[in-house]
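The values are calculated or read from the model by the stated rules, or taken from the named source; none is laboratory data. None of the values given here were measured: they were computed from a predicted structure. Please note: Cβ atoms are built from the backbone with ideal geometry, for glycine as well, and neighbour counts cover all protein chains shown. In case anyone asks, the SASA skips ligands and DNA or RNA and just uses the protein heavy atoms, side chains included. Shrake-Rupley method; radii C 1.70, N 1.55, O 1.52, S 1.80 Å.
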Amino acid sequence: MLERLGPPLAVLGLPIEEQIRVICRTLQQAWMPIPPGARYPTGAEKAVEMSSYISTAWPRLGRPCSEKVIEIALRFAEARRDAFDPADSVLAHGDPHAWNTLLDPKTNQYKFVDPDGLFIERAHDLSISMREWSAELLAGDSVVSGRKRCALLSLFTGVQQSAIWQ
């Protein structure tokens, strides 16, 4: 099925906080239980995949950050792997950023395109907004800015901040 969608959220000139609000609202409409008999990569599998990627990419890229950063990232991936709970997971987009969020001119609502399709906790989809708009995060104290954004995502969705942060 094809439908005509309008421009991506990224080009509409909205403030970052409003773009995050739109993405969160659209996610809440899009998240659904996994259909019976369907098979999608799970949150635990995605966490293992991320651990493997981090472990191999870091040395291949010439160790561009400290080993402590890598240790934290691997610890977080392990925590998300261990936290995977099918009863609290949804069929998620997997990469809901402002370029994948398009305006539907018929309804003036937004829809996602280009899904990865994962059976995963909601925090995964929300974590994508933690990597986006990086210039804003890097302009000052990155940890403070990141924590503020994480709190905003939690406020808009009710998802636990620690899961989003990890």
- So if R0 is 22 Å, what FRET efficiency would TYR53 and GLU78 give, r being the distance between their Cβ atoms, rounded to the nearest 0.05? 0.95
- Task: Only Cα pairs under 8 Å and at least 6 apart count here; give the relative contact order of the chain as a rounded whole percent.
- Result: 30
- Using the eigenvalues of the Cα gyration tensor, what equivalent ellipsoid semi-axes result for the stretch 25-68 when each is taken as the square root of five times the eigenvalue, whole Å, largest first? 33, 15, 7
- Item | the stretch 74-93-the stretch 136-166 distance, computed between alpha-carbon centres (Å) | 18
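What shape does the stretch 75-125 take by its C-alpha gyration tensor, where a ≥ b ≥ c are the square roots of the eigenvalues and a/c under 1.5 counts as rounded, a/b above b/c as prolate, and the rest as oblate?
Because a/c hits 1.5 or more and a/b exceeds b/c, the stretch 75-125 counts as prolate.
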- Note on the structure: The local net charge around ASP116, scoring Lys/Arg +1 and Asp/Glu -1 for residues other than ASP116 whose Cβ lies under 13 Å from its Cβ, equals -4
- Message: Quick check for me: using +1 on Lys/Arg Cβ and -1 on Asp/Glu Cβ, what's the dipole size of the chain about its Cα centre, in debye to the nearest 20?
- Response: 140
- Note to self: with every protein chain in place and a 1.4 Å probe, the chain gives an accessible area per residue in Å² of 59
- Message: Using the crude model of +1 on Lys and Arg Cβ and -1 on Asp and Glu Cβ, and no other charge, please compute the dipole size for the stretch 78-166 relative to its Cα centre, in debye to 20.
- Response: 260
- Item | ARG4 paired with ALA87, simple spin-label distance in nm, labels 7 Å along Cα-to-beta-carbon | 4.8
- Top of LEU152, LEU61, LEU27 by mean-square fluctuation, Gaussian network on the chain, Cα under 10 Å: LEU61
- Under 12 Å from the Cβ of GLN166, count the other residues' Cβ atoms, weight Lys and Arg +1, Asp and Glu -1, and hand me the total. 0
- Note on the structure: Magnitude of the Cβ-charge dipole (Lys and Arg +1, Asp and Glu -1) of the stretch 23-98 about the Cα centre, nearest 20 debye, reported as 200
- Message: Return the Rg/Rh ratio of the stretch 27-120 with Cα-based radii and a Kirkwood Rh.
- Response: 1.07
- Item | Computed [θ] at 222 nm, helices only, for the chain once each DSSP H run of length n ≥ 4 contributes -39500 (n - 2.57) | -16000 deg cm²/dmol
- Using 12 Å as the cut-off for backbone N distance, which residues of the stretch 60-76 belong to the label zone defined by a point 7 Å from the Cα of LEU138 along Cα→Cβ? none
- With Cα springs under 10 Å, the Gaussian network model of the chain assigns the largest mean-square fluctuation among GLU18, GLU45, GLU67 to GLU67
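Leaving out ligands, DNA and RNA, and with a 1.4 Å probe, what % of the accessible surface on the chain is carbon or sulfur?
Details: 5520 of 9820 Å².
Ligands and nucleic acids excluded, carbon and sulfur give 56 percent.
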